[in-house]
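K.L.:
Before I ask anything, let me first share the structure, which is written out below as structure tokens.
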Amino acid sequence: MSQITFALAKGRLGKKTMEILEKMNIRAVDMTDDSRKLVFYSEDKKYRFFLSKPSDVPTYVEHGVADIGIVGKDTILEENRDIYECLDLNIGKCRMCVCAYPEKRDLILNNESIRIATKYPNIALKHFRGKNKKVEIIKLNGSVELGPIIGLADAIVDIVESGKTLAENGLVVINDVVSDISARVIVNKASMKLKHQDIGKIIEEMERLI
Ligand code: PRP
């Protein structure tokens, strides 16, 4: 068996992914919560694991430095990389929505020109272009809800999981952009050909566990 490299998203999703892999007896040595290491191996060196920013996972997989990546559908749509999306893990479920203060609803739905703050400029642009709206997209890297609160934007395009962040900041969902976001298994196209048996087995096993 040739070595298989996984690119995993740092944080909550990465942790959940490792739990699934451990059930398949795929374990990383030394991967602890407080470790600052970024690359790990299984004891027998059959598997290698990178921990990266979620938005970099599709990049590593497209370039073939990782054979398999596990990352949210939101990131896959935003990055739009040349990779195979093979399996829905049904974890990290959320939706992507246009959100704003309730009193801005009419402006957002009816006005031609609005300002949107988002971590997902490509998804947001595609959504509003599809509705023939001109939008000014302001890219933020986190705490996007601040956009409308401090008057930087009329609305945001962001993921909503429990709805707590919106509720605590007086914001509401105006409409859905993508409703079925969850963690997906992505695979490098060349790896799928060259390591077909090993990758196929891993995906089958994951499918059995979910
Ligand atoms: C995400 C998202 C929302 C929040 C939604 O942010 O951007 O802010 O979670 O979750 P909820 O509906 O359960 O409240 P994240 O926690 O990833 O942090 P960030 O804003 O710094 O990106």
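Laboratory data are not the source of any read-out in this text; all were calculated from the coordinates shown. Keep in mind it's a predicted model, so treat the numbers as computed, not measured. Note: ideal-geometry Cβ built from the backbone for every residue, glycine included; neighbour counts use all protein chains shown.
K.L.:
What are the ³J(HN,Hα) couplings of region 59-64, residue after residue, when phi is run through the Karplus curve with 6.51, -1.76, 1.60 and θ = phi - 60°? Round to Hz, x for glycine and proline.
P.N.:
5, 4, 6, 4, 7, x
K.L.:
Would you mind putting 144-155, 168-179 in packing order, based on average other-beta-carbon counts within 10 Å, highest first?
P.N.:
Those peptides, ordered most packed to least, come out 144-155, 168-179.
K.L.:
Over the chain, what relative contact order in percent results from Cα pairs under 8 Å that are six or more residues apart?
P.N.:
Worked out over the chain, it gives 27 percent.
K.L.:
Which far-off residues, 5 or more places away or on another chain, put their amide H under 5 Å from the one on L89, with H placed in the peptide plane?
P.N.:
Answer set, sorted by chain and number: A183, R184, V185.
K.L.:
Counting helices only, and only those DSSP H runs with n ≥ 4, report the 222 nm mean residue ellipticity of the chain as the sum of -39,500 (n - 2.57) divided by its residues, in deg cm²/dmol to the nearest 500.
P.N.:
Helices in the chain give a 222 nm mean residue ellipticity of -9000 deg cm²/dmol.
K.L.:
Quick one: dipole size for the chain, taken about the Cα centre, charges +1 on Lys/Arg Cβ and -1 on Asp/Glu Cβ, in debye to the nearest 20.
P.N.:
Dipole of the chain, to the nearest 20 debye: 280 debye.
K.L.:
On to the next question. Under the rule of at least 5 residues apart or a separate chain, name every residue whose amide H is placed under 5 Å from the amide H of N175.
P.N.:
For N175, whose amide H was placed from the backbone, the distant partners under 5 Å are V98.
K.L.:
Which of the lysines could be linked to K53 by a straight reach, that is with a Cα gap under 19 Å, when you skip same-chain ones fewer than 8 residues away?
P.N.:
K10, K15, K16, K37, K73, K93, K119, K139
K.L.:
Here is a further query. Roughly what angle does helix 12-23 make with the longest principal axis of the chain, taking Cα atoms, 0 to 90 degrees, to the nearest 10?
P.N.:
Compared with the principal axis, the helix lies near 30 degrees.
K.L.:
Need the list of aspartates and glutamates near K195 for cross-linking: C-alpha distance under 12 angstrom, and skip anything on the same chain fewer than eight residues off.
P.N.:
D67
K.L.:
I need the peptides 42-49, 64-71 ranked by packing, meaning the mean over residues of other C-beta atoms within 10 angstrom, with the highest value on top.
P.N.:
64-71, 42-49
K.L.:
Which of F6, F40 comes first, and how do the rest follow, when ranked by fewest Cβ neighbours within 10 Å?
P.N.:
Values: F6 26, F40 20.
Least crowded to most crowded, the residues run F40, F6.
K.L.:
Once phi is turned into ³J(HN,Hα) by the Karplus curve 6.51 cos²θ - 1.76 cosθ + 1.60 with θ = phi - 60°, what whole-Hz value does each residue of region 30-39 show in order, with x for glycine and proline?
P.N.:
With the stated coefficients, region 30-39 comes to 6, 7, 10, 4, 9, 6, 9, 5, 10, 10 Hz.
K.L.:
Would you mind ranking D82, D158, D88 by Cβ crowding within 10 Å, fewest neighbours first?
P.N.:
With the sparsest Cβ surroundings first, the list reads D82, D88, D158.
K.L.:
Residue by residue through region 106-117, which ³J(HN,Hα) values in whole Hz follow from phi under the Karplus form 6.51 cos²θ - 1.76 cosθ + 1.60 (θ = phi - 60°), with glycine and proline marked x?
P.N.:
Result, ordered by residue: 5, 4, 5, 6, 10, 6, 6, 10, 9, 9, 10, 9 Hz.
K.L.:
Also: Taking the Cβ of each residue in T165, T17 as the centre, tally the other Cβ atoms inside 10 Å and list the residues starting with the fewest.
P.N.:
Details: T165 16, T17 23.
The order, fewest Cβ neighbours first, is T165, T17.
K.L.:
Right, here's the next one. Quick one: putting +1 on the C-beta of Lys and Arg, -1 on the C-beta of Asp and Glu, what dipole do you get for region 46-159 around its Cα centre, in Debye to the nearest 20?
P.N.:
Value, rounded to 20: 80 debye.
K.L.:
Let me ask you something else. Hey, what's the per residue convex hull volume over the C-alpha atoms of the chain, in cubic angstrom?
P.N.:
Normalising the Cα hull of the chain by residue number yields 122 Å³.
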